[in-house]
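K.L.:
Before I ask anything, let me first share the structure, which is written out below as structure tokens.
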Amino acid sequence: MAAIRQLPDRLIDQIAAGEVVERPASALKELTENALDAGSSRISISLLRGGIDAIIVTDDGHGMSPDDLKLAVRRHATSKLPDGRLDDIRFLGFRGEALPSIGAVSRLEITSRQADSGEGWQITVDAGDVGAVQPAAIDRGTRVAVRQLFKAVPARLKFLKTERTEQGRCLDMIRRLAMAWPRVGFVLEGDGRTLLDLPAPRDDLAAGDDDQLRVRRLAAVMGQTFGDEAVRIDARREDIGLRGLVSLPTMNRPTPGSIYLFVNGRPVQDRSLIGAIRAGYGDTLPRGRYPMAALFLTVPVDSLDVNVHPAKTEVRFRDAAGVRSLLVGAISAQLQDDGIRATAEGAETASRLFTGGGHRGFSAPPAAYYAAPPPDWQAPLAAPAESSQPGMMSDLPPAAPPSAAVAGDDAAVDTMLGAARAQLHKTYIVAETGDGITIIDQHAAHERLVMERMKAAMEEGGVAVQALLIPDVVDLAADQREAILAEAAILASLGLEIEGFGDGSVLVRGVPALLGTPDATRLVRDIAEELVELGGSRTLEDRIAHVLATISCHGSVRAGRQLNGAEMNALLREMEATPNSGQCNHGRPTWVRLSLADVERLFGRR
């Protein structure tokens, strides 16, 4: 066995680099955090080949002296622990490992100049070899250039992804930091092409409220639709504050990649917090979908440990359960208040469908087309009563009635969903509003209404049961029978009374009264299948929510049922008064709004 020996400093730095510098985005994160800690108002970043060949970060911060430069490239040297206390960390970078670790595996050049200094200085670290400090030309601030990343450990290059992927990770990292620092301008270039340009607020806006600046920055990064329509969160639990934006349930994504979390201005990744955000949406999101969110937690520094991981992307809370409870409660409560709202994504999708944006449809000519007739235009002859040309339509007979049209109730036009005017295909309600139209899916909307009634009944002591004169016997597979009998108590509180009957069946003695006369056999089979699919890993709340969704689906107004005007308007008014009615039990939108401007664009009037 070899004798124990002290490792040389260069090898120690390379080992530390393996923890701190995993890929170009890791190095970029450390350099950008240093620039933010230096009080910069503008940070410019240039990448070559996704950061593999070069990462250059330039800031206008307070800069460093020659002595500072010498210490900056030594391990465990930092200006960010003035009191030497790890329980009072108020800076992003504090370990003092980043620069020497990066210098150990690349060629590192740091050029800096302080505001009150007449000249700048530069130091170079080439694969761990530290050069002398020399005079250099630079404006106030610091420029850090990392070239040939992993030149000293070429084996690490094999584990990197493509240049495009690495560049994408760098872009994502800068986006996260830009969200947390809305007063700082960020410019990111990749191979000479501008990837991100987020200017600092103008002087007339810089004095504004931090929340306003943050919303403006989030809209610039995550999209204007998100910024305009997201739900604002502002909550507090004891000494923990929570602010930010979360999307409406109908604005969801297939992965949690659009969920951004920040703790005391530090971007973090925490699966338990993402789970808490998802739980805050409850049954309003489709299974397997995630919301968009940018949430900022403010936690006392003595209640937080940011020294968990060398990359500083994880944190540990003293009261982790309290933080999760704050997230769930704040999101759930705010969504209840905003539950009727629907995102404009539905209208945008409709406009794309109508105007042929990648789909079959028609494309309206531009408004200029109708402004004047073309030069060779001639007035058409009077059309015959019945045209034999394909695609031509003769005049409608005078007595032709509108299809399922509804008249009256003009006062409802000024409500959120408007006054019902027609039912199309016995499925969709078209309503007129003061500034456009709304299209409502009658089945999806009534599903949510029934579910919310059942929730309210549960809170008041249970759902009323309608006993069956002749109990139904339902045959089930063994696993489905076992799963549904295991939840018999929950089902009873929801108004569905079942019991075992023989080896492969269950007996249905009662159904929820508010469902009317549902098909009990089909209802039980659907619930049993749902419970088997959920498995035993789901929480009680999840199981109740999914069973509720299945039951209420069976009791709702089905697509294909003709509704009269009073029924349609009653449905719209109840939607306006019911929480979460903007989406059905499966997370799909229940209604879409088209503004008058949208309609006019479809017909070339705009």
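The values are calculated or read from the model by the stated rules, or taken from the named source; none is laboratory data. Computed from a predicted structure; not experimentally measured. Here the Cβ is made from the backbone with ideal geometry for all residues, glycine too, and neighbour counts use every protein chain on show.
K.L.:
Can you pull out the residues in the stretch 250-273 that are surrounded by fewer than 17 Cβ atoms within 10 Å (Cβ to Cβ) and on the phi < 0 side of the Ramachandran plot? Give the derivation first.
P.N.:
Step one: filter the stretch 250-273 for residues surrounded by fewer than 17 Cβ atoms within 10 Å (Cβ to Cβ), giving 253-255, 257, 265, 269, 271-272.
Those that are surrounded by fewer than 17 Cβ atoms within 10 Å (Cβ to Cβ) and on the phi < 0 side of the Ramachandran plot: Arg253, Pro254, Thr255, Gly257, Gln269, Arg271, Ser272.
K.L.:
Given the conditions (1) surrounded by 15 or more Cβ atoms within 10 Å (Cβ to Cβ); (2) within 29 Å of Asn580 (Cβ to Cβ), report the number of the one that Gly462 does not fulfil.
P.N.:
Looking at each condition in turn, Gly462 falls short on (1).
K.L.:
Shifting gears a bit: Might you check whether a residue that is assigned to a loop (DSSP other than H, G, I, E, B) and touching a Leu at 6+ places or on another chain (Cβ under 6 Å) occurs anywhere in the stretch 222-242?
P.N.:
At the first step, the residues of the stretch 222-242 found to be assigned to a loop (DSSP other than H, G, I, E, B) are 223, 230, 238-239.
With the extra rule that they be touching a Leu at 6+ places or on another chain (Cβ under 6 Å), the set shrinks to 230.
For the stretch 222-242, residues assigned to a loop (DSSP other than H, G, I, E, B) and touching a Leu at 6+ places or on another chain (Cβ under 6 Å): present.
K.L.:
Taking the stretch 192-207 on its own, how many of its residues are loosely packed, with under 14 Cβ neighbours inside 10 Å, small (Gly, Ala, Ser) and either in contact (Cβ under 8 Å) with a residue 60 or more places away in the chain or over 26 Å from Gln167 (Cβ atoms) (or both)?
P.N.:
First pass over the stretch 192-207, keeping only residues loosely packed, with under 14 Cβ neighbours inside 10 Å: 192-194, 197, 199, 202-207.
Add one more test, that the residue is small (Gly, Ala, Ser), and what stays is 192, 206-207.
Keeping just the survivors that are either in contact (Cβ under 8 Å) with a residue 60 or more places away in the chain or over 26 Å from Gln167 (Cβ atoms) (or both) gives 206-207.
Qualifying residue count for the region: 2.
K.L.:
Within the stretch 292-302, which residues are at pLDDT 85 or above and not hydrophobic (A, V, I, L, M, F, W, C)?
P.N.:
Correct list: Thr298, Pro300.
K.L.:
Would the stretch 109-120 turn up any residue that is modelled with pLDDT of 90 or more and under 28 Å from Arg164 (Cβ atoms)? I'd like the intermediate steps shown before the answer.
P.N.:
Taking the stretch 109-120 and keeping what is modelled with pLDDT of 90 or more, we get 109-114, 119-120.
In the following step, the residues that additionally are under 28 Å from Arg164 (Cβ atoms) were identified as 109.
Yes, the stretch 109-120 contains a residue that is modelled with pLDDT of 90 or more and under 28 Å from Arg164 (Cβ atoms).
K.L.:
Among the residues of the stretch 223-236, is any in contact with a Gly (Cβ under 6 Å, 6 or more places away or on another chain) and either surrounded by 15 or more Cβ atoms within 10 Å (Cβ to Cβ) or at pLDDT below 85 (or both)? Full working, then the answer.
P.N.:
Kept after step one, since they are in contact with a Gly (Cβ under 6 Å, 6 or more places away or on another chain), are these residues of the stretch 223-236: 233.
Keeping just the survivors that are either surrounded by 15 or more Cβ atoms within 10 Å (Cβ to Cβ) or at pLDDT below 85 (or both) gives 233.
Checked against the condition, which is being in contact with a Gly (Cβ under 6 Å, 6 or more places away or on another chain) and either surrounded by 15 or more Cβ atoms within 10 Å (Cβ to Cβ) or at pLDDT below 85 (or both), the stretch 223-236 yields at least one hit.
K.L.:
Somewhere in the stretch 509-519, is a residue farther than 26 Å from Gly560 by Cβ and among the hydroxyl-bearing types (Ser, Thr, Tyr)? Show your work before the answer.
P.N.:
Step one: of the stretch 509-519, the residues farther than 26 Å from Gly560 by Cβ are 509-510.
Those left that are additionally among the hydroxyl-bearing types (Ser, Thr, Tyr): none.
Scanning the stretch 509-519 turns up no residue that is farther than 26 Å from Gly560 by Cβ and among the hydroxyl-bearing types (Ser, Thr, Tyr).
K.L.:
Something else: Out of Asp129, Asp172, report the one residue that is among the acidic types (Asp, Glu) and touching a residue at least 24 places away in the same chain (Cβ under 8 Å).
P.N.:
Details: Asp129 fails: touching a residue at least 24 places away in the same chain (Cβ under 8 Å).
That would be Asp172, the only listed residue that is among the acidic types (Asp, Glu) and touching a residue at least 24 places away in the same chain (Cβ under 8 Å).
K.L.:
Could you please let me know if Met416 is assigned to a loop (DSSP other than H, G, I, E, B) and surrounded by 13 or more Cβ atoms within 10 Å (Cβ to Cβ)?
P.N.:
Values: assigned to a loop (DSSP other than H, G, I, E, B): yes; surrounded by 13 or more Cβ atoms within 10 Å (Cβ to Cβ): yes.
Taking the combined requirement at face value, the residue satisfies it.
K.L.:
Here is a follow-up. Among the residues of the stretch 548-606 satisfying the criterion of being farther than 19 Å from Thr433 by Cβ and in contact with a Phe, Trp or Tyr (Cβ under 9 Å, 6 or more places away or on another chain), which is modelled with the lowest pLDDT?
P.N.:
It comes out as Ala559.
K.L.:
Further question on the same structure: Counting only residues that are more than 30 Å from Ala200 (Cα to Cα) and in contact with a Pro (Cβ under 8 Å, 6 or more places away or on another chain), which one in the stretch 1-60 is modelled with the highest pLDDT?
P.N.:
Only one residue tops the list, namely Asp13.
K.L.:
Looking only at residues that are acidic (Asp, Glu) and loosely packed, with under 15 Cβ neighbours inside 10 Å in the stretch 424-459, which one is farthest from Pro518 (Cα to Cα)? Step through it out loud before you land on a result.
P.N.:
Keep residues of the stretch 424-459 that are acidic (Asp, Glu), which gives 432, 435, 441, 447, 452, 459.
After this cut, where a residue has to be loosely packed, with under 15 Cβ neighbours inside 10 Å as well, the list is 435, 459.
Working: Asp435: 39, Glu459: 23 Å.
Result: Asp435.
K.L.:
Further, regarding this structure: In the set Arg287, Arg278, which member is closer than 26 Å to His546 by Cβ, in a loop (DSSP other than H, G, I, E, B) and among the charged types (D, E, K, R)? Let's see the steps before the verdict.
P.N.:
On the way: Arg278 fails: in a loop (DSSP other than H, G, I, E, B).
Only one candidate passes the filter, namely Arg287.
K.L.:
Can you spot a residue in the stretch 191-198 that is over 18 Å from Ala35 (Cβ atoms), touching a helix residue (DSSP H, G or I) at 6+ places or on another chain (Cβ under 8 Å) and at pLDDT 95 or above?
P.N.:
From the stretch 191-198, those over 18 Å from Ala35 (Cβ atoms) are 191-194; that's our starting set.
Now drop any that are not touching a helix residue (DSSP H, G or I) at 6+ places or on another chain (Cβ under 8 Å), which leaves 191.
From what is left, the residues that are at pLDDT 95 or above are 191.
Yes, the stretch 191-198 contains a residue that is over 18 Å from Ala35 (Cβ atoms), touching a helix residue (DSSP H, G or I) at 6+ places or on another chain (Cβ under 8 Å) and at pLDDT 95 or above.
K.L.:
Please work out which residue is nearest to Leu594 (Cα to Cα), limiting yourself to the stretch 408-431 and to residues that are of a type outside the set (A, V, I, L, M) and out of contact with any Asp or Glu (no Cβ under 8 Å at 6 or more places or on another chain).
P.N.:
First pass over the stretch 408-431, keeping only residues of a type outside the set (A, V, I, L, M): 408-410, 414-415, 418, 421, 423, 425-428.
When the remaining residues are screened for being out of contact with any Asp or Glu (no Cβ under 8 Å at 6 or more places or on another chain), the result is 408-410, 414, 423, 425-426.
Working: Gly408: 21, Asp409: 20, Asp410: 19, Asp414: 15, Gln423: 17, His425: 19, Lys426: 20 Å.
Across the stretch 408-431, the extreme among qualifying residues is Asp414.
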